[in-house]
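Please read the structure below before turning to the comments.
The values are calculated or read from the model by the stated rules, or taken from the named source; none is laboratory data. Small disclaimer: the values here were computed from a predicted structure and weren't measured. Note that each Cβ is placed from the backbone with ideal geometry, even for glycine, and that neighbours are counted across all protein chains shown.
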Amino acid sequence: MGAFKRLLKYHKPYLSFVDAKTEQEIQEALDEAMKGRTCFIIAQRLSTIKNADRIMVLDNGEIAEFGTHSELMGRESIYKRIYETQFLEKTPEKILEVV
């Protein structure tokens, strides 16, 4: 939790440019802080929300999808396309096929 508190002292733009180790520390601190609580998280990095009980995907300000990570990955979805773009090693041609 200490690393997360220290990071929050910085301005918001710095939160977008953290290394993998710091991102992991932030995620662990968030996971600990959220235990036993209802939390709403707005995120672009799916690593932040992957373990959420429910994920709501917005598209142009409208709810496009709702479900767990597994449910959303089990069908052709916006979430799945974003996940594959962020996490799976694909060539640009494969990413274009998904879109």
| task | Would you please list the contacts, defined by Cβ atoms under 7 Å and residues six or more apart or on different chains, that run from a residue in the range 67-90 that is under 15 Å from SER47 (Cα atoms) to a residue that is of a type in the set (A, V, I, L, M) and at pLDDT below 85? | result | ARG81/VAL98; ARG81/VAL99; ILE82/LEU46; TYR83/LEU46; GLU84/VAL98; THR85/ILE95; GLN86/LEU46
| query | Quick one: which of GLY67, GLY74 is in contact with a strand residue (DSSP E or B) (Cβ under 8 Å, 6 or more places away or on another chain) and either surrounded by 11 or more Cβ atoms within 10 Å (Cβ to Cβ) or at pLDDT 90 or above (or both)? | reply | GLY67
| message | Whether any residue in the range 14-23 is in a helix (DSSP H, G or I), at pLDDT 75 or above, outside the structural domain of LEU88 (by TED's automatic domain parsing) and surrounded by 11 or more Cβ atoms within 10 Å (Cβ to Cβ) is what I want to check. | response | yes
| request: Please state which one of ALA52, ALA29, ALA33, ALA3 is among the small types (Gly, Ala, Ser), surrounded by 13 or more Cβ atoms within 10 Å (Cβ to Cβ), in a helix (DSSP H, G or I) and modelled with pLDDT of 60 or more. | output: ALA29
